[in-house]
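Q: Following this message is one structure expressed as C-alpha cells.
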Amino acid sequence: MIGIAALWITLLLLGGGMALDRVLTDAVTRSFDDGLNYVLIAMIGSAEIGPDGEVRLIRPLADQRFLEPNSGIYFQISGPGFDEFRSRSLWDRALEVDASHTDMTARVFDSKQFPGEDLRVMERNVQLPGSKVTWKFTVAQARSSLDDQISALRSTLIKSFAMLALGLIAMAALQTFYGLRPLRSVRLEISRMRAGDKNRVTAPLPDEIMPMVEELNELLAHNERQAEEARRHAGNLAHALKTPLTVIMNAATAKANDLSDTVIREAATMRRQVDHHLARARAVGRRGSAHCRTDVWPSLQAVERAVGRLYPDVRIDIDGDKQAAVRVERQDLDEMLGNLVENAAKYGGGSVFVTVTKAGDMIEMLVEDDGTGIPTQDRLHIFDRGARLDSGKPGTGLGLAIVRDVAEIYDGEVALEESEDMGGLAVRLRLPTVA
C-alpha cells in the first residue's frame, strides 16, 4: 500500500511539476521578450532618416547599458547599401542579420553567435517615412539573466514538490500503519488463542474491524460446537457399544451354548448404533457449509422412484411447491425423506401422500399414509434409537431417530401427527428455507 501510494504520488507530482514548469518558464520567457519588444518599439519610435539617407536616433535609449561595451544588451539597425548603426555596447562586433526574414512582424529567437554568450534576439523589418529602404531593427540580450530566473524557478519547484512528495508519502505511510494496526491486534489475539491464553478475540477494536472480529468469534464458537458434538457422539457410540461387547465377552468366557446367536444379536445391535452415529457425524460435518442449498422437488422425486421400486404395490403421490429449496445438503435431505416415505410405504395401507409447502422461513414436508397410525402416548418414545412398534417387519428402528437428529442439526424439527385426510400417520418435517 505504501509503495503504490508512493509511486502514484510521485507520478502525479512529476506530471504536475513538469506542467507547472512549462507554464512558469513560458511566462518568464514572455516577460523577458516583452522587455526586448519594448526596447525595439522605442528604437523604431526614435528613428528617423538623416540628410544622407542613413537612419539615426533622435533621442538616446534610456538603458545606459547600451553605452557600456559588452554589457550584455545590444541593438543594431541595418539596411542594404548602408553601414550598420550599432550600439556602443557591441564595440567591434555586429549582430548577424537573417536575410530570409522579410515580413514586417517581429521575430524572436535564440542565438549562439557570440562565443561564451548565448543571446535572445528580436528583430523586425520597418519601412521608415522618407526612405525606400527596408530597415531591420535588431535587439539582443544575453540569456544569462533569463536562464538564472528559470534555474531559480526550477530549483524552487523541485524542492517544493520533493518536500510535498515526502510529506504525502509520510502521511500515506502513517495512515497505512495506523489503519492496519487493528489487524495486528487481531493477529496478536489469534496468537494468544493458539497459545491457549484465551478463546475469543476480546480486545477493543475500531468499528470497521468489529464485523470481521464478530464473524471470527462466531466461527470459533461454531468449531467448538462441532468439536463438542464430535466428542459427544464418540462418547455415546462408545457407551452404546460397551454393553453388547460385554454381553459377547461374558458369553464367550462362559462358553455358552447360544454363543453364536448371542454374537449375531449383539452385532446387529452394534451395527444399528454405528449406522445411527455415522449418519449424525456425516450431517454435522456437512453442516459446516453455510451456503448449502438443495431443491426439495428433485430429491423428493428421486425418493419416490427408489421407494416405488421397493414397494411396487404402494401408490406414492407428491404435490406442492416445486420451487422450494432448503439449507440442507442433498444427501441428508435424501436420507430424511427416504426414511419417512419408506416408513409410510412399509407401515401404511398402500397409499402415501407427500405435500411440500412454505411456512415463513421454513419449508414443511408433510408425509401422510393411510395406515393405522401411532397412538398419541407412543409418539414420544418412537424417536428413541431402536424403538419399533411393529417388530414383524424388517428394520432397525433407527429411521425416525436419524430423521430427528439430522433435522435438529440443520435447525429443523420433525413432529408426528394424525392425518386428517388419510386417517393414518402424518409426519411433518420442517427445514430452514434458503434466504
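The values are calculated or read from the model by the stated rules, or taken from the named source; none is laboratory data. Because the structure is a prediction, the values reported are computed rather than measured. Positions of Cβ are backbone-derived with ideal geometry, glycine not excepted, and every protein chain shown enters the neighbour counts.
Q: Among Arg200, Arg271, Arg265, Arg293, which is modelled with pLDDT of 75 or more and within 20 Å of Met336 (Cβ to Cβ)?
A: Arg293
Q: Out of Asp63, Asp98, report the one residue that is surrounded by 12 or more Cβ atoms within 10 Å (Cβ to Cβ), over 21 Å from Val133 (Cβ atoms) and modelled with pLDDT under 90.
A: On inspection, the qualifying residue turns out to be Asp63.
Q: State which residue pairs qualify: first residue assigned by TED's automatic domain parsing to the domain that holds Ile41 and inside the stretch 104-127, second residue of a type in the set (Phe, Trp, Tyr) and loosely packed, with under 15 Cβ neighbours inside 10 Å in any location, beta carbons under 6 Å apart, and separation of 6 or more residues or different chains.
A: Every condition considered, the pairs that remain are Val121/Phe109.
Q: Can you give me the ranges of the strands (runs of 3 or more DSSP E) entirely in the stretch 101-174 with at least 3 residues that are surrounded by fewer than 14 Cβ atoms within 10 Å (Cβ to Cβ) and at negative phi? Step through it out loud before you land on a result.
A: Details: elements: 107-114, 117-127, 134-142.
Passing ranges, in order: 107-114.
Q: State whether the residues of the stretch 348-368 include one that is among the charged types (D, E, K, R), farther than 21 Å from Val434 by Cα, surrounded by 18 or more Cβ atoms within 10 Å (Cβ to Cβ) and more than 41 Å from the chain's Cα centre (by Cα).
A: Yes.
Q: Oh, and also: Take Ala268 and tell me if it is under 54 Å from the mean Cα position of the chain (by Cα) and among the small types (Gly, Ala, Ser).
A: no
Q: Take the stretch 291-317 and flag every residue that is over 35 Å from the mean Cα position of the chain (by Cα) and outside any helix (DSSP H, G or I).
A: Tyr311, Pro312, Asp313, Val314, Arg315, Ile316, Asp317
Q: Out of the stretch 203-231, which residues are of a type outside the set (Asp, Glu), within 30 Å of Val274 (Cα to Cα), modelled with pLDDT under 85 and surrounded by 13 or more Cβ atoms within 10 Å (Cβ to Cβ)? If you could, list the steps in order and put the result at the bottom.
A: Start the filter on the stretch 203-231 by keeping residues that are of a type outside the set (Asp, Glu), which leaves 203-206, 209-213, 216-217, 219-223, 225-227, 230-231.
From what is left, the residues that are within 30 Å of Val274 (Cα to Cα) are 219-223, 225-227, 230-231.
In the following step, the residues that additionally are modelled with pLDDT under 85 were identified as 222-223, 225-227, 230-231.
Those that are of a type outside the set (Asp, Glu), within 30 Å of Val274 (Cα to Cα), modelled with pLDDT under 85 and surrounded by 13 or more Cβ atoms within 10 Å (Cβ to Cβ): His222, Gln226, Ala230.
Q: In the stretch 82-114, what residues are among the aliphatic types (A, V, I, L, M) and closer than 11 Å to Thr138 by Cα? Quick ask: steps written out before the conclusion?
A: Just the residues of the stretch 82-114 that are among the aliphatic types (A, V, I, L, M), to begin with: 90, 94-95, 97, 99, 104, 106, 108.
Selection gives Ala94, Leu95, Val97, Ala106, Val108.
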